[in-house]
């Protein structure tokens, strides 16, 4: 089984879009490796999403993070 890497981007701040771009770049760089990339996004509204899909609850986000071997937070700006 491949190790899971959660890449977290977004956030509730003025750097939201920059963070999404940075997180996307990190996820893209990990695509051709031996890792299973799990994108997690914090919306501008504070809601968590797996990728850019419908919101998931914080409990579900924690469950996803617990299944990953490592988390890479790529959140910029205030509260980041």
### Query
Which label marks the calculated value of Cα extents along the principal axes in Å, given the options (1) 42, 27, 20; (2) 36, 26, 19; (3) 43, 43, 28?
(2)
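Ordered by packing density, taken as the mean number of other Cβ atoms within 10 Å over each peptide's residues, highest first, how do 3-14, 21-32, 51-62 rank?
3-14, 21-32, 51-62
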#### Entry: Label-to-label distance, nm, for residues given as residue 70 and residue 18 (7 Å Cα→Cβ offset)
2.5 nm
### Query
Which value in nm describes the separation of the simple spin-label points at residue 63 and residue 34, placed 7 Å from the Cα toward the beta carbon?
3.0 nm
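What percent does the relative contact order of the chain come to when contacts are Cα pairs within less than 8 Å and at least six residues apart? The partial results should precede the final answer.
Details: 154 pairs, mean separation 35.1, N = 80.
Here the relative contact order equals 44 percent.
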### Full-extension gain in nm, residue 1 to residue 56, via 0.36 nm per residue minus C-alpha separation
17.3 nm
### Summary
Taking Cα atoms only, helix 16-30 is inclined relative to the longest principal axis of the chain by an angle, in degrees rounded to 10, of 10 degrees
### Task
Return the percentage of antiparallel bridges among DSSP beta bridges fully within the chain, rounded to the nearest 5 %.
30 percent
### C-alpha long axis of helix 58-67 to longest principal axis of the chain, angle in °
30 degrees
## Note on the structure
Over the chain, the sum of -39500 (n - 2.57) across DSSP H runs of at least four, divided by residue number and rounded to 500 deg cm²/dmol, gives at 222 nm -10000 deg cm²/dmol
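Laboratory data are not the source of any read-out in this text; all were calculated from the coordinates shown. Computed from a predicted structure; not experimentally measured. Note: ideal-geometry Cβ built from the backbone for every residue, glycine included; neighbour counts use all protein chains shown.
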